[in-house]
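Reading through the structure tokens given below for one structure.
The values are calculated or read from the model by the stated rules, or taken from the named source; none is laboratory data. What you are looking at is a predicted structure, and each value in this text was computed from that prediction instead of being measured. Cβ placement follows ideal geometry from the backbone for every residue including glycine, while neighbour counts extend to all protein chains displayed.
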Amino acid sequence: MAKQRVNRARPRQTSASRSQRKFWTVAGIVAVVLVAGFVYFAYWRQYAAPDFTVQLLNGERVTLSSLRGSPVLVNFWASG
């Protein structure tokens, strides 16, 4: 005796439910990106250094804000 295969068709989705799922998928992705951006900028803002000016050995003055976008290593060495 051979087994018969039962074809259980899934109910067809209407275009309304498909468009609703697409909307909520896009809305969820946008929400995740916005939250990630907020967390990223809030996290890095706490590590921002206050702007200050130093005088180099050749007499030139440099402010920290003029070096924005470049890596900066600040070493305050004091002897006493």
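Some notes on this structure:
- Residue match in region 8-18 (condition: in a helix (DSSP H, G or I), polar (S, T, N, Q) and at pLDDT below 70): yes
- Residue match in region 42-54 (condition: assigned to a helix (DSSP H, G or I), surrounded by 10 or more Cβ atoms within 10 Å (Cβ to Cβ) and modelled with pLDDT under 90): no
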